[in-house]
1. Run the simple label-point estimate for Asp62 and Thr11 please: 7 Å along Cα→C-beta, distance reported in nm.
2. Starting from the Cα of Thr19, step 7 Å along the direction of its Cβ; do the same at Val36; then give the gap between the two resulting points in nm.
3. Collect residues whose amide H, placed 1.01 Å from N in the peptide plane, falls under 5 Å from the amide H of Gly33; neighbours closer than 5 in sequence don't count.
Amino acid sequence: MRRSNANQKLTAIYGDEGTITLRNVDWGQGLDGINVTPLQGKAEFIPSSSPKADPTREHWLDLLRCVRTRGRPVADVEFA
């Protein structure tokens, strides 16, 4: 007998250039990592302990760069 709760549910973001899937998400504890699967090229697993899994620092650096140069940030409000 198969139960619906036994099926793994994936949290994924599907885009034009590939898919990002969060592995073993526990909303209280975090996740194991991120699977990045481009349409072309090699798939990559990024563990949650990797700096690449948390882009917070890069977003802050980008914001400070934009304040200095009066440029547009990578993740502009129009992008959202």
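Values in this text are rule-based calculations from the coordinates and carry no lab data. All values reported here derive from a predicted model rather than from experimental measurement. As a convention, Cβ positions derive from the backbone with ideal geometry for all residues, glycine included, and neighbour counts pool all protein chains shown.
1. 2.0 nm
2. The answer from the label model is 1.7 nm.
3. Placed amide hydrogens put Arg23, Ser48 under 5 Å from Gly33.
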